Structures are given as C-alpha cells and as structure tokens.
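A.B. asks: This structure is in structure tokens; I'll ask about it shortly.
The values are calculated or read from the model by the stated rules, or taken from the named source; none is laboratory data. Values in this document were obtained by computation on a predicted structure and should not be read as measured data. Here the Cβ positions follow ideal geometry from the backbone for every residue, glycine too, while neighbour counts run over all protein chains shown. Heads up: the accessible areas ignore ligands, DNA and RNA and are worked out on the full protein's heavy atoms, side chains in. Shrake-Rupley method; radii C 1.70, N 1.55, O 1.52, S 1.80 Å.
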Amino acid sequence: MNTTPSPSRLSENAVVITRVADRQWHALDDDLVVGRGYAERRADGRLFAGIDAWHASVFDRLAAAMLPELPTPLYTVVDEADTGLTAAWQRAGFTIRRREWEYTVPTDPRTTGLGTVPPPAGVTIVPAGQADEGLLRALDRAIRDEVEATVGWRSMPAEVIPRSADDTIVDPSKYAVAATPDRYLGLIRVVTVNRPRIGLLAVRSDERRRGVARALLAHALETLHHSGYAEAWTEVQESNAAATALFESVGARPMSSNLELELGSELGR
C-alpha cells in the first residue's frame, strides 16, 4: 500500500533509513517508525515497489535509499486521483507506463440491453465449471500466443501472466467459454469474493467481430443477475479501445483509474 506523503515538519537530519530485511526499509525518527519501503516480485516476474510515509521528505529519503539497491525495470501502481503520491514517485524518477480504468458493470439485462443477445451461429456458451479443461488450456495457450505476437503478454495484468505448466489457468471452474463442436473460441473469467469481478474476457483473433465476446459477456452478466448481484466490476487498459467500447455499450461506468509507473535501468544495479 502506498501512502500519500504530505509536507513534512520533521527534521530531515533526524530521520534515519535502515534496511531491516531483504527489500524492506524503515525510516526511523528517534526510534519511531515514520515510514516503510518495500519491494515485492509479482506473478509476472516484475518487481513492484511501495512506500508508506506521511511526510514528503520521508518518502523522498526512503526512495533515495531503496532505488539504487533494487534492480530495474521497477514498477509501482497508484490511484490516479492521488496526485500527491503520483508526484512523489515522479520525483523519484518514475514515469507513467499505462492507465487502467475501473468500471462498474450493471447485470440487469434491461439495463445492459443484452437480454436477447444470442451467440453467433454454430456457437454455444459453456457455463463456468463445465468446460473441458484440456480444451480450455489449449484456448488459453492460443490466445496467449496471439497476444505475445502483437502487444506482448506482459501488457496484460499480472494475474494473467503465465504460471506453472506455462499457462494462466489457475481455477478452471471460474471460466465460461464459447464453443463450437471442435474447439473453444473465447473465454470469460468471473471471480466473486466481496463483489463479482470480470478478470478476463478474450477471443481468438480469427473469431473476433462475430459477437463472441458480447455473447460471453451477456452470459456472465445474466448469471450474476440471477444470483442476486446488481453490479460487477472490471478493469480495462486505456489503450484497449475494443474492450472499452464493449463495456461502455452495456452501460458500464468508469469509477476510477490506476496508473502503473515504471523506473528504467539508469538508476538500478
């Protein structure tokens, strides 16, 4: 968790930065912890940094101590509305890499307009928990290869980066798929913890613009509506015009945005 730094009244000379563990630092003022810095490697292999500090000078001191000790590229994520925190990371040399919008998505077919949307001819929707795991993993690999050949799989969120067995399917029961008799064409993953989240919606490149993604979304939202959920949420990368158009066409509303910032190799070692 990053904390917005505020103007500091601390004496800069009084604050001591101490490395307390691997990739963990504390800022101490007379033995009182007034800030913490850390770095952790996420599932995609990238290293993300975080700093919790109430005072701008403490943030800057922690950043100055941490960054030369960490390999680059190095990343962090901030709420775009938190301009103070964004500015603090930019002072440390980070630049904006990408923006993701968080959308609230209605589930009621009367709102989405998806109540009468059928799949394309010859395509059926296989509900979550009923997909053939082998075909599902084959679809996952095919879509991942297509993304890698274009924008690069590392442009995807960390949670859909390849894991063990060289795939991204962690729990097959969370996926509904669009299918023909001989193969799967697209998939949608919905995870419900406190509220339903659409984590991934993807279709094979040669099956796009046929309404497959829209049919998958219609199925997922109708299922959530019948389960008593009025809304779901999802994140869409700003540069993904097709996904933005699809979700906004069903009444999804942007609620907030996150920035992923990156520090290049010039400060790392």
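A.B. asks: So which residues in the range 78-129 are open to solvent by 50 Å² or more (accessible area, probe 1.4 Å), in contact with a Ser or Thr (Cβ under 9 Å, 6 or more places away or on another chain) and either farther than 20 Å from Ala232 by Cβ or hydrophobic (A, V, I, L, M, F, W, C) (or both)?
C.D. replies: Those that are open to solvent by 50 Å² or more (accessible area, probe 1.4 Å), in contact with a Ser or Thr (Cβ under 9 Å, 6 or more places away or on another chain) and either farther than 20 Å from Ala232 by Cβ or hydrophobic (A, V, I, L, M, F, W, C) (or both): Asp79, Glu80, Ala81, Thr83, Ile96, Arg99, Trp101, Gly122, Thr124, Ala128.
A.B. asks: Filter the range 58-77 down to the residues that are open to solvent by less than 30 Å² (accessible area, probe 1.4 Å) and either over 24 Å from Glu102 (Cβ atoms) or of a type outside the set (Ser, Thr, Tyr) (or both) and list them by number.
C.D. replies: Across the range 58-77, the qualifying residues are Val58, Phe59, Leu62, Ala63, Met66, Leu67, Leu70, Leu74.
A.B. asks: Since Gly93 meets every condition but one in (1) in contact with a helix residue (DSSP H, G or I) (Cβ under 6 Å, 6 or more places away or on another chain); (2) assigned to a loop (DSSP other than H, G, I, E, B); (3) modelled with pLDDT of 95 or more, which condition does it not meet?
C.D. replies: (1) is the only condition that Gly93 fails.
A.B. asks: Going through the range 212-224 one residue at a time, which ones are touching a helix residue (DSSP H, G or I) at 6+ places or on another chain (Cβ under 9 Å), closer than 17 Å to Arg195 by Cα and surrounded by 21 or more Cβ atoms within 10 Å (Cβ to Cβ)?
C.D. replies: Leu217, Leu221, listed by residue number.
A.B. asks: Here's something else I'd like to know. Taking the stated definitions as given, is Glu260 at pLDDT below 95 and within 21 Å of Ala87 (Cα to Cα)?
C.D. replies: Against the criterion (at pLDDT below 95 and within 21 Å of Ala87 (Cα to Cα)), Glu260 qualifies.
A.B. asks: Here's something else I'd like to know. Filter the range 165-178 for residues that are of a type outside the set (Ser, Thr, Tyr) and open to solvent by less than 30 Å² (accessible area, probe 1.4 Å); which is modelled with the lowest pLDDT?
C.D. replies: Asp167
A.B. asks: Can you run down the residue pairs with Cβ atoms below 8 Å, 6 or more apart or on separate chains, where the first is in the range 186-212 and closer than 17 Å to Tyr175 by Cβ and the partner is of a type in the set (Ser, Thr, Tyr) and open to solvent by 50 Å² or more (accessible area, probe 1.4 Å)?
C.D. replies: The qualifying pairs are Val190/Thr223; Thr192/Tyr229; Pro196/Tyr229.
A.B. asks: Count, please, the residues in the range 131-164 that happen to be outside any helix (DSSP H, G or I) and either of a type in the set (A, V, I, L, M, F, W, C) or at pLDDT 80 or above (or both).
C.D. replies: Number satisfying all stated conditions: 5.
A.B. asks: For Thr234, only one of the following conditions fails: (1) open to solvent by less than 50 Å² (accessible area, probe 1.4 Å); (2) among the hydroxyl-bearing types (Ser, Thr, Tyr); (3) outside any strand (DSSP E or B). What is its number?
C.D. replies: (3)
A.B. asks: Also, I was wondering about something else. Would you pick out the residues in the range 26-56 that are over 23 Å from Leu259 (Cβ atoms) and either open to solvent by 50 Å² or more (accessible area, probe 1.4 Å) or touching a helix residue (DSSP H, G or I) at 6+ places or on another chain (Cβ under 8 Å) (or both)?
C.D. replies: Within the range 26-56, Ala27, Asp29, Asp30, Asp31, Leu32, Val33, Val34 meet the criteria.
A.B. asks: Let me ask another. Would you say Ala128 is hydrophobic (A, V, I, L, M, F, W, C) and in a helix (DSSP H, G or I)?
C.D. replies: The answer is no for Ala128.
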